[in-house]
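K.L.:
Sharing a structure below in C-alpha cells format, with a few things to ask.
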Amino acid sequence: MSTSEKTIVSFILNDAPQTISVNPLRRFSDVLREDLGLTGTKVGCDAGDCGACTILIDGEQRYACLTAVGQLEGHNARTVEGLAESSNLTTLQQAFLDEGAAQCGICTPGMLMAAQSLLDQTANPTESQVLDAIGGVLCRCTGYTKIVQAVLKAGQTSSTEQTPPSGSAVGSRMVKVDGRKKLTGEEIFSADHAPEDSLWLRSIRSPHPRAKFTIAHPEKVLQKYPGMVKVLTADDVTGNNGFGIFPHIKDQPVLAKDHVRFRGEAVVALVGERESVESVSEEDLGLTWEPLEAIRGWDASLSGNLEPVQAEIPDNILAKGFLKKNDVEKGFSESFVVAEGSWTTSAVEHGYIEPEAGYARKVGQRLEIFVCTQAPYLDQTEVAQVLGLAAEQIRIIPSAVGGAFGGKLDISVQPLVALAAWILDRPVRCIYTRPESLASTTKRHPARMNAKAGCSRDGKLTAFEFHGDFNTGAYASWGPTVADRVPIHCTGPYFVPNVLSQTKALLTNETPSGAFRGFGTPQAAIACEALMDELAEKIGMDALDFRIKNALRKGDRTSTNQLLENSVGQVECLESLKSRWQKWRKEAAVFNQKATHIKRGVGCGSAWYGCGNTSLSNPSTIRVGINGKGKVTLYNGAMDIGQGSNTIMVQICADALGLPASQFEYVMGDTDLTADAGKTSASRQAFVSGKATQLSGEHLRAQIIHLAEATEPATLRIEQTEMSATEKLIVEDENGEHVIILADILPQPNGDVLTGEGTFDPPTTTLDENRQGSPYATYGFAAHLAEVEVDTLLGTTKVLRIAAAHDVGRTINPTQVEGQVHGGIAQGLGMALMEEYIQAVSENLHDYLMPTVGDMPEIEVILIEDPEPLGPYGAKGIGEHALIPTAPAILGAIKHATGVSIHHVPATPDRVFTALREAEK
Amino acid sequence: MFPYFRPDNLEDALAALDEHPRIMLAGGTDFFPARVGKSITDNVLDLTGIPQLRAIQQTVEGFQLGALTTWTDIVEAKLPPAFDGLKQAAKTIGGVQTQNAGTLCGNICNTSPAADSVPNLLALEAEVQLQSVRETRVLPLEEFILGNRKTAKKEDELISGIFIPHPAEKALGNFEKLGTRAYLVISIVMVGVVAELNGLDEILNLKIAIGACSPVAQRLRLLEQEAVGQKLNSIEILPKHLELLEPIDDIRASADYRKKVVPELIQRAIKGVLKS
C-alpha cells in the first residue's frame, strides 16, 4: 500500500457516526470540505497560522489543517455545522449576529468553534479567558472588538435582533442580511463550491525575482501522470497574454513567456486530476531557470544600472504624480518655522483570510466564472480580452468574499481557470495556497517620502511640499492610481495655501504593489502628521489645537483648489476628541512620573479621503424589482467584501421604496443579473452605489404611486395571501387604499412585474496641468487618538486605547460603521508596528505578522454626521478613512512617550530599541 | 513508499522503525506546515494511537513525560513551581489549538532554534529517552540536540519520553519570551530559568538557558556559577556570560538587538521567579 492508499477511519462527526475510506494522511480540513461536503470549516493557510479551520475534537479546539484524518479514529469531532440545531442559532451565534461580530465571515466558523470550546468549560468567562481562547484565530476585518463582545455576551442576554419597520431602516442597527449564513457555515466562499467533475489547476511559479526560463518537455508530464490533462503555457493564451487595471496598460502576462519579473510569477498552469497536478515537479517539465540580477528597492529602480524591469519603460518610472497650488517657495519664505523629514514604509499584505479561488465552466459559447472579487465587471472585460472573446460571453458570478481590502481588485485565478475551461470544455477550479497568494498578489506600496511643512507664528500652515517614491513592483496594477491620489491627499485634511507634491511609481523586480485601503494615502499620512506634531512643538502650541486651527472647514479650498461647500466634519472630529486628548495626556504624564522603563504617550492623526475615482466617471446602476408574488429583490452590483454593502443597500432601498427591509431579497454582483455598480474600492459603494440604490427605490415607488393613481404622502404595504395569485400591493394615501394586484401585471423575463432603476455618477471635474480642480464629489474626514506604552528597555510597544472620530455624513448602520473603524484600526496598527512583507522570507502567516486579538487596544468610536447632500440620506464612505489616521496616531504616541521619532514602519521592537539608543547618544 | 502506520502499542511502532526509516507524526504542528501545497508522500509512523505514551507520572527519581505529552497537558498537570517556566512556555505556543495538539517531544525533535520548550527543559536538566528494538538509551537534552534541525536520534529510534529529575524542593521556575505580537508568536529571544533561593532572596542554585540566540538554545553555566550567593535583584550580566550566544539577523529582529536585550530579559526572568 502506498501512502496515498486508503484506510477505513471511523469517528463521530457532529453527533453522527462516520466511517470513511480515505488516505489517512490527508488533512482533516480537506476531507471535511472535499469528501464530506462540510465547507463551513475554512482553510486559510494549511499551516496552523490563521485558525480558520478550528474545530473541536473531543471538545478541545484543534486546527483541522494540522490533523491527519487517520488520527480521528475513535474520536469525536464537531464543526460549525454541528453547532446549531436545525435553523436555530446557538446563543453564541446569535450574539455574533447581534453584535456584528462577523464581517466577511471567513474567520467566523473558526472563531465560533474556539469560543465554544471555552464556553463549554466556562459559561461566564472573563475577558482575558476569551482572548486566550480565540488568540489562535486571525480576523482581518473586525479588529476583534465585536467578536470579544459577542463571546462575553453569549448566553447572558436575550437576542436584540429585530428588523426595522418600514421607513426606519436607515440609521438602525439592522443585522446583516447575509449574517445568518455566515454563522452556520452555509455561506459559500470561493473555495467552497465547484462542479463535481471539475479539473484542478495549479500554477508553477518563479522562485526567482528575475530570470529567463525554458520549458524543455511539458508534454512529458501527460505521459508520466495519467491524471494530467493539459499543460498551459504562454503560447496557449487565446487572446492577449496581458492584463492590468488600466485599459492601456496590460503589462502583466497571465503566463510569463521566456522570462519572469518577480518571484511568484506564473509560468505554467497544470490542469488535471488533483493528485496529479499536485505531484508534477519542475524537473518533470524540464523547467530550467537562468537567474538574473534583480532590481530591488527605490534606488536600484532609479539607478539605471541594470536592464529596466520592462523594456518599454527604460527609466523604470511607470507613472508620475504632480500637484501645484500657488507658490510653495514663497510660502516657505514667509513661514515662521519649517519642519521636514524623510520616512519609509514597507510592503504590506492585505491578509484576507480567504486565499483566491474559483472555477470556470463553459456554457454554450459563454464562460461562467465563480470567483472572489471586488470588481465583477472589471473581471468580465479583463477575462474577455485575455481569451479573445466578447465581454458578453463572460459571466462573472461572485462568491461570498472572505476579505479583500483592495487585493481582490486585480484578477488572480480568473484568466487561468477561464482559459483552461474554454480550451478543454470542462469545468476547471483553482485554489491558491497561502504562500502562492502571498507571493503572487499585490501589496501596499513601500514608500520613500520626503516632506516639508511650514507655518506662521500663530500656527497657520503656510506651505507643504511632498516627494514620494512608491515601489510598484514588476507590473503596473494600481501604481498610477497611487501616484495620482497621493499628491491630492498628502497635505492631510488641512488648509494649506501653497502646495507642491510629486510622486513616482517605480518598477522593480518585486511583488506588484496595487490597491490597498487608501491607495498610498496611509503612507503619506505618516509623513504629514509627524510634520504637524513637529510644527506644533516648534511654536509651542498644543498638537491637537494646531490641527483644529488648520483643519479644513466649509468654504475652504483644498490643495486642488476645490471649494468645500458641504459635509466637512474635520473640526468636529478633532473637537470631539479634545477632552480625551487632555485627560489621556494628563494621565500619561502622571504615569510616567512614577514609571521606570515603561513610558506612556498619546498621539493624534487626522485623515481625509475622496470618495470615488479621481476626476473620472464612476457610475453605479442599481435595480430593484417586485415580482407577481410580492417578492422584492434588490439587484445589487456592488460587491460586499465583508464591509456590509449587501445590508446597507437593502436598508437604503427599503426606506426609499417605503417597504420594510425584512421583505427584501438581494442578488449580489452577478454580471448577468445586476447592472454595473463599479468596483468596491475608493470608499465609493456607500456613497455612489448607495445613492443609485436610493434612486432605484424612489423610481420604483414613483411608478407604484402612479400605477395606483395615488398621491404622496402615501404608505405602501404588500399583503401576502395564501392563494398566490392575489398578492396585493396596497398604497394608502389621504383618499384611502389603492390596490395593485401584482399577478395581473405582465412579468418581465426575470419574473418581476415592476422595476426601479437608479444611476449615480458623482460629479467631478477634470484637473488642469497643476492638478487643480474638483477630483471628488465628497470627502470623508477622521481623527484618531492613540495611547501607547513603550517598554524602553526592550523597544516593545503596546497600544492601550484608541478613540476614533469619523465624519460619515450619515450613519446608515452604526454597527457596521463601528466594525469598519475597528477593522481599519487593526490594519493601521499592524502597519505601524508589525507588518512587513519580504519576498521569499515572509511567504506564510507566521513570519508575516498581523495583529491578533491580544494586540488590540480598547477602542471608542465617535460618529460625526455632517450630511453630504449628494449621498444617500446624507451618507458618504468610511472604508479607507478608518485606517489612515491610526499609524500616524500610534507613531505620535511613541514620540510623546519616549521623545523618539520613528521614520520607518513597521516600528518593530528592534527598530524602536535602536532609535531609543541612538537618541541617548 | 511504505504504508501510513498508526500502531496501538510501542512494540509495533519500534518494529516498524526497525523495518524502514519513517517520519514520526504526533500533533502535526510541524509536519503539516512544512508541506503546504505539496503532495504528502512521506512514510509516516503516527504515534497518536499509543495511549500509554500520553502520560505524566511522578516517580521516586523525578517526572516522566510520555512522548505524546502535549502543551496543554503540561499546563493542566500538577507540577512543582520549578516547572512554572515550562508551563508559561506552553501557554505562549501558537494558539490553544496548537497547545492541544503539539507535543514537547515533537518540539525537541523539530529542533528549531526558537523551540519554546528547550530553554525550560535545559534549565530543568531534562533527559531524553530513546528506544529502538535493540536498545534503550538516555541522553541529556544538551547531547540530544546537535544543531539546527539535527538530533542524536538514530533512524530506528523513537523518543519514548522525557525524564526530568526532581528539582530542589524550593526551586522556582520562570520564562520570558520576547515577540512582536500577543498570540501566535515566535520568539525573538527567550529565557528559561530555574532558581533556588534562600530566605534573603539570595541565589543558592541557578539554571538558565537562552533560546533563539544560537542554533541551539544555550545554558549559561558561567553565569549560573557566578550568580550563586548573589541577591536576586542585583545580579550583574557581563559579556563573558553571553559568549556562547551567536544570534543572527532574521525577519523577527536583528542580531544586534537580540544581543542587547538578552541581559535585560535574563534579569526579568530571574527576578520573575518570585511570582511563581
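This table checks each residue for (1) within 24 Å of the chain's Cα centre (by Cα); (2) within 18 Å of B:S112 (Cα to Cα); (3) of a type in the set (D, E, K, R).
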position: B:E11; (1), (2), (3): no, no, yes
position: B:M24; (1), (2), (3): yes, yes, no
position: B:G28; (1), (2), (3): yes, yes, no
position: B:F31; (1), (2), (3): yes, yes, no
position: B:S39; (1), (2), (3): no, no, no
position: B:L45; (1), (2), (3): yes, no, no
position: B:T48; (1), (2), (3): yes, no, no
position: B:P51; (1), (2), (3): yes, no, no
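K.L.:
So, one more: Residues that are more than 7 Å from chain B (Cβ to nearest Cβ) and not β-branched (V, I, T): list the strands (runs of 3 or more DSSP E) wholly contained in the stretch A:15-78 that include at least 2 such residues.
P.N.:
Details: elements: A:16-22, A:54-57, A:60-63, A:76-78.
Here the list reads A:16-22, A:76-78.
K.L.:
Take the residues in the stretch A:183-237 that are polar (S, T, N, Q) and in contact (Cβ under 8 Å) with a residue 24 or more places away in the chain, then tell me which one is surrounded by the most Cβ atoms within 10 Å (Cβ to Cβ). Give the derivation first.
P.N.:
From the stretch A:183-237, those polar (S, T, N, Q) are A:184, A:190, A:198, A:203, A:206, A:214, A:223, A:233; that's our starting set.
Then drop every residue that is not in contact (Cβ under 8 Å) with a residue 24 or more places away in the chain, which leaves A:184, A:190, A:198, A:203, A:206, A:214, A:233.
On the way: A:T184: 20, A:S190: 29, A:S198: 19, A:S203: 21, A:S206: 23, A:T214: 11, A:T233: 18.
Here the residue is A:S190.
K.L.:
Might you check whether a residue that is farther than 30 Å from A:G658 by Cβ, touching a Leu at 6+ places or on another chain (Cβ under 7 Å) and surrounded by 24 or more Cβ atoms within 10 Å (Cβ to Cβ) occurs anywhere in the stretch A:79-90?
P.N.:
The answer is yes; a qualifying residue exists.
K.L.:
Step by step: first the residues of the stretch A:897-907, then only those that are of a type outside the set (G, A, S) and touching a helix residue (DSSP H, G or I) at 6+ places or on another chain (Cβ under 7 Å), then the one that is surrounded by the fewest Cβ atoms within 10 Å (Cβ to Cβ). Which residue is that?
P.N.:
Per the stated criteria, the residue is A:H904.
K.L.:
Residues being among the charged types (D, E, K, R) and part of a strand (DSSP E or B): count how many of those fall in the stretch A:334-375.
P.N.:
We begin by selecting, within the stretch A:334-375, every residue among the charged types (D, E, K, R); these are A:334, A:340, A:349, A:354, A:356, A:361-362, A:366, A:368.
Filter once more, keeping what is part of a strand (DSSP E or B): A:340, A:349, A:361-362, A:366, A:368.
Of the residues in that region, 6 qualify.
K.L.:
Would you check which residues across the stretch A:119-165 are in contact with a helix residue (DSSP H, G or I) (Cβ under 7 Å, 6 or more places away or on another chain) and among the hydroxyl-bearing types (S, T, Y) and list them?
P.N.:
Within the stretch A:119-165, A:T122, A:T142, A:Y144, A:T145, A:S159, A:T160, A:T163 qualify.
K.L.:
Now for a separate question. Restrict the check to the stretch A:238-248 and report whether at least one residue is at pLDDT 95 or above, in contact with a Pro (Cβ under 7 Å, 6 or more places away or on another chain) and surrounded by fewer than 18 Cβ atoms within 10 Å (Cβ to Cβ).
P.N.:
Within the stretch A:238-248 (the criterion being at pLDDT 95 or above, in contact with a Pro (Cβ under 7 Å, 6 or more places away or on another chain) and surrounded by fewer than 18 Cβ atoms within 10 Å (Cβ to Cβ)), the answer is yes, since at least one residue qualifies.
K.L.:
Are there helices (runs of 4 or more DSSP H) fully within the stretch A:90-155 with at least 1 residues that are within 12 Å of chain B (Cβ to nearest Cβ)? List them.
P.N.:
A:108-121, A:127-134
K.L.:
From the list A:G658, A:G630, A:G625, which residue is closer than 17 Å to A:L754 by Cβ, surrounded by fewer than 24 Cβ atoms within 10 Å (Cβ to Cβ) and modelled with pLDDT under 95?
P.N.:
Only one candidate passes the filter, namely A:G630.
K.L.:
Being surrounded by fewer than 24 Cβ atoms within 10 Å (Cβ to Cβ) and assigned to a strand (DSSP E or B) narrows it down to one of A:A439, A:A463, A:A451, so name that one. If you could, list the steps in order and put the result at the bottom.
P.N.:
On the way: A:A439 fails: assigned to a strand (DSSP E or B); A:A463 fails: surrounded by fewer than 24 Cβ atoms within 10 Å (Cβ to Cβ).
Only one candidate passes the filter, namely A:A451.
K.L.:
Only one of B:L245, B:L265, B:L206 is more than 19 Å from B:T92 (Cα to Cα) and surrounded by fewer than 24 Cβ atoms within 10 Å (Cβ to Cβ). Can you tell me which?
P.N.:
Values: B:L265 fails: more than 19 Å from B:T92 (Cα to Cα); B:L206 fails: surrounded by fewer than 24 Cβ atoms within 10 Å (Cβ to Cβ).
Matching residue, one of B:L245, B:L265, B:L206: B:L245.
K.L.:
Turning to a different aspect of this structure: Can you tell me which residue among B:N43, B:N9 is surrounded by 14 or more Cβ atoms within 10 Å (Cβ to Cβ), over 30 Å from B:E176 (Cβ atoms) and not assigned by TED's automatic domain parsing to the domain that holds B:V194?
P.N.:
Answer to the check: B:N43.
K.L.:
Is it the case that B:I188 is under 24 Å from the mean Cα position of the chain (by Cα), within 14 Å of chain A (Cβ to nearest Cβ), at negative phi and surrounded by fewer than 16 Cβ atoms within 10 Å (Cβ to Cβ)?
P.N.:
On the way: under 24 Å from the mean Cα position of the chain (by Cα): yes; within 14 Å of chain A (Cβ to nearest Cβ): yes; at negative phi: yes; surrounded by fewer than 16 Cβ atoms within 10 Å (Cβ to Cβ): no.
Judged against the criteria, B:I188 is not a match.
K.L.:
Give me the residue from the stretch B:145-185 that is closer than 22 Å to B:Q129 by Cα and among the polar types (S, T, N, Q) and, out of that set, nearest to the other protein chains (Cβ to nearest Cβ).
P.N.:
B:N148
K.L.:
Okay, next question. Report yes if some residue within the stretch B:226-247 is among the aliphatic types (A, V, I, L, M), closer than 30 Å to A:E843 by Cβ and within 14 Å of chain A (Cβ to nearest Cβ); otherwise report no.
P.N.:
So the first thing to find is which residues in the stretch B:226-247 are among the aliphatic types (A, V, I, L, M), and the list is B:227-228, B:232, B:235, B:237-238, B:242, B:244-245.
Applying the additional criterion that residues be closer than 30 Å to A:E843 by Cβ yields B:245.
Filter once more, so that each one left must be within 14 Å of chain A (Cβ to nearest Cβ): none.
Within the stretch B:226-247, none of the residues are among the aliphatic types (A, V, I, L, M), closer than 30 Å to A:E843 by Cβ and within 14 Å of chain A (Cβ to nearest Cβ).
K.L.:
Just to be sure, is A:K176 within 30 Å of A:G40 (Cβ to Cβ), touching a Gly at 6+ places or on another chain (Cβ under 8 Å) and not in a loop (DSSP other than H, G, I, E, B)? Let's see the steps before the verdict.
P.N.:
Working: within 30 Å of A:G40 (Cβ to Cβ): yes; touching a Gly at 6+ places or on another chain (Cβ under 8 Å): yes; not in a loop (DSSP other than H, G, I, E, B): no.
Here the answer is no, as A:K176 does not meet what is asked.
K.L.:
Could you tell me whether A:M850 is in contact (Cβ under 8 Å) with a residue 24 or more places away in the chain, within 14 Å of chain B (Cβ to nearest Cβ), within 26 Å of A:E436 (Cα to Cα) and not in a loop (DSSP other than H, G, I, E, B)?
P.N.:
So A:M850 fails the test.
K.L.:
Can you give me the number of residues within the stretch A:605-648 that are out of contact with any Cys (no Cβ under 6 Å at 6 or more places or on another chain) and part of a loop (DSSP other than H, G, I, E, B)? Can you show your working first?
P.N.:
The first filter runs over the stretch A:605-648 and keeps only residues out of contact with any Cys (no Cβ under 6 Å at 6 or more places or on another chain), leaving A:605-623, A:625-633, A:635-641, A:643-648.
Applying the additional criterion that residues be part of a loop (DSSP other than H, G, I, E, B) yields A:611-619, A:628-631, A:637-641, A:643-644.
Count: 20.
K.L.:
If I go through the stretch A:376-398 residue by residue, how many of them are assigned to a strand (DSSP E or B) and either of a type in the set (A, V, I, L, M, F, W, C) or out of contact with any helix residue (DSSP H, G or I) (no Cβ under 8 Å at 6 or more places or on another chain) (or both)?
P.N.:
Number satisfying all stated conditions: 3.
K.L.:
Another question, if that's okay. Which of the numbered conditions does A:E565 fail, given that it passes all the others? Conditions: (1) closer than 29 Å to A:A875 by Cα; (2) touching a residue at least 12 places away in the same chain (Cβ under 8 Å).
P.N.:
Single failed check for A:E565: (2).
K.L.:
Wholly within the stretch B:32-137, which strands (runs of 3 or more DSSP E) include no fewer than the required count, namely at least 1 residues that are more than 10 Å from every other protein chain (Cβ to nearest Cβ), over 27 Å from A:V853 (Cα atoms) and of a type outside the set (A, V, I, L, M, F, W, C)?
P.N.:
B:56-58, B:62-66, B:127-131
K.L.:
In addition: If you take the residues in the stretch B:140-163 that are among the hydrophobic types (A, V, I, L, M, F, W, C) and within 21 Å of B:Q52 (Cα to Cα), which one is farthest from the chain's Cα centre (by Cα)?
P.N.:
Step by step, filter the stretch B:140-163, then rank; the result is B:L158.
K.L.:
Another question, then. Kindly establish whether A:A826 is crowded, with 24+ Cβ neighbours inside 10 Å, in contact (Cβ under 8 Å) with a residue 24 or more places away in the chain and assigned to a strand (DSSP E or B).
P.N.:
No: the conditions fail for A:A826.
K.L.:
Could you list, in sequence order, all residues of the stretch A:196-220 that are within 11 Å of A:H259 (Cβ to Cβ) and polar (S, T, N, Q)? Talk me through it step by step, then tell me what you get.
P.N.:
First, pick out the residues of the stretch A:196-220 that are within 11 Å of A:H259 (Cβ to Cβ): A:206, A:208, A:210-214.
If the condition is that a residue be within 11 Å of A:H259 (Cβ to Cβ) and polar (S, T, N, Q), then A:S206, A:T214 are the ones that fit.
K.L.:
Being out of contact with any strand residue (DSSP E or B) (no Cβ under 9 Å at 6 or more places or on another chain) and either at the interface with another protein chain (Cβ under 8 Å from one of its Cβ atoms) or at pLDDT below 95 (or both) narrows it down to one residue among B:K260, B:K275; which is it?
P.N.:
Selected residue: B:K260, the only one of B:K260, B:K275 that is out of contact with any strand residue (DSSP E or B) (no Cβ under 9 Å at 6 or more places or on another chain) and either at the interface with another protein chain (Cβ under 8 Å from one of its Cβ atoms) or at pLDDT below 95 (or both).
K.L.:
Of all residues in the stretch B:20-31, which are charged (D, E, K, R) and either at the interface with another protein chain (Cβ under 9 Å from one of its Cβ atoms) or in contact (Cβ under 8 Å) with a residue 24 or more places away in the chain (or both)?
P.N.:
The answer is B:D30, and nothing else.
The values are calculated or read from the model by the stated rules, or taken from the named source; none is laboratory data. Note that the coordinates shown come from a computational prediction; the quantities given were computed from them, not determined experimentally. Methodologically, a virtual Cβ is constructed for each residue, glycine included, from the backbone with ideal geometry; neighbour enumeration extends over all protein chains shown.
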